[in-house]
Amino acid sequence: MAFLPKHLFTLKKHFNIPVFIPELACPFQCAFCNQRKISGHIAVPDSGEIIKTVNEHLATFPKGDNHVEIGFFGGSFTGLPLKEQEKFLKLAKPYLDRGLIQGIRLSTRPDYINGEVLNLLKQYRVTTIELGAQSFDHEVLKQSYRGHTPEQTMESAHRVLEQGFDLGLQMMIGLPGDTLEKSLHTAKTIIALGASNTRIYPTVVIKDTALHHWYKTGKYKPLSLEEAVEWTKHLLLLFEDAGVKVIRTGLHPSEGLLSGDELVDGPFHPSFKELVLTEIWYDKLEKIKTNASKSITFYVHPRELNYAIGYQSKNKNRLLEKFDKVTFSADSSMDGKSFKVEHDQITF
Ligand code: SF4
């Protein structure tokens, strides 16, 4: 019998209220990270600011059957002293009690999970714990100065699930020593461990990090945008097949990298996910072979229409090299990434 992941049981609209807690209590300095620069925040928000953020977000959500979560991101939440963690969790409690939010999620390091921490998170009804696995390859973790092993991530993942939390496992691609094969291994391990969700972050070079230094001396070269899109395409398909929800691919444009000179190099693109989905669709569409260069119409689900046409009409333009006229039409009877074509002389 096949089991569906929890998020597929419901058609509720999901909303996340992100609360960034930058590099708080983090004694590590991962080679790629200057957390204050990624999150775009220097100061830790105080209670008043957090409440204001939550209220502002809540006011923007449409009325209806929503599933709203407060997410504590940015640092290693469970690395904080328990009292500090409790202070933040207490702020979320009244919203849970009043049914204004339905869950709390947080991100942390895999080696910052223990019984005491899990008890506290359970007491405050945290629903999802996301662990920054980054890679399940020993060498990649070592070269990236992560300070934990794949075994520690596996052990924590088991404990999180045993205690009844939803498990998220985040991964990075293009870290020092990484290869496509190692990234695929990481994705397969994330699936095997039972994560319900993941995030895929292509590694970028941020100013004043160890990676930046290695970049300047030629010791590190980031993935090109094309490579990162290609790797992510394979990963996305793996996760999709396994029913693991991919919450994010690429850094969010609001994460402080679009302005200033913090981003030195790397595969950062504000529409990264769209680029990946464009390629996934092109792989499907290019298989259409025909003897006649006439017109062709593709019917795809409305949700997939833009991705099928491609970022800046990339797929449409590529197909126009084979066909005189290419049309995309929305058809809600199509399922997921399936499609149908209308053409007079066509062979598959
Ligand atoms: S990635 Fe996380 S653990 Fe590493 S330095 Fe940044 S905040 Fe600390």
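Side notes on the structure shown:
- Qualifying residue in segment 228-236 (condition: farther than 29 Å from Arg159 by Cα and outside any helix (DSSP H, G or I)): no
- The one condition in (1) surrounded by 21 or more Cβ atoms within 10 Å (Cβ to Cβ); (2) modelled with pLDDT of 95 or more; (3) closer than 14 Å to Val276 by Cβ that Leu251 fails to fulfil: (2)
- Pro45 vs. criteria modelled with pLDDT under 85, under 24 Å from Thr198 (Cβ atoms) and in a loop (DSSP other than H, G, I, E, B): no
- Members of segment 165-185 that are surrounded by fewer than 24 Cβ atoms within 10 Å (Cβ to Cβ), over 12 Å from the mean Cα position of the chain (by Cα) and not basic (Lys, Arg): Phe165, Asp166, Leu167, Pro176, Gly177, Asp178, Thr179, Leu180, Glu181, Leu184, His185
- Qualifying residue in segment 90-97 (condition: within 15 Å of the ligand (Cβ to nearest atom), out of contact with any strand residue (DSSP E or B) (no Cβ under 8 Å at 6 or more places or on another chain) and part of a helix (DSSP H, G or I)): no
- Only listed residue being assigned by TED's automatic domain parsing to the domain that holds Ala195, crowded, with 18+ Cβ neighbours inside 10 Å, within 15 Å of the ligand (Cβ to nearest atom) and at pLDDT 95 or above, chosen from Ser107, Ser156: Ser156
- Selection within segment 195-210: residues that are assigned to a loop (DSSP other than H, G, I, E, B) and not hydroxyl-bearing (Ser, Thr, Tyr). The member of this set that is modelled with the highest pLDDT is Ala195.
- Residues considered: His7, His67. Of these, the only one that is more than 16 Å from the ligand (Cβ to nearest atom), at pLDDT 90 or above and not polar (S, T, N, Q) is His67.
- Pairs where the first residue, in segment 120-135, is farther than 16 Å from Val68 by Cβ and assigned to a loop (DSSP other than H, G, I, E, B) and the second is within 12 Å of the ligand (Cβ to nearest atom) and among the aliphatic types (A, V, I, L, M), C-beta under 8 Å, 6+ apart: Ser135/Leu141; Ser135/Met172; Ser135/Leu175
The values are calculated or read from the model by the stated rules, or taken from the named source; none is laboratory data. Since this is a predicted model, take the numbers as computed values, not measurements. When we count neighbours, we look across all protein chains shown, and the Cβ atoms used for this are built from the backbone with ideal geometry, even at glycine.
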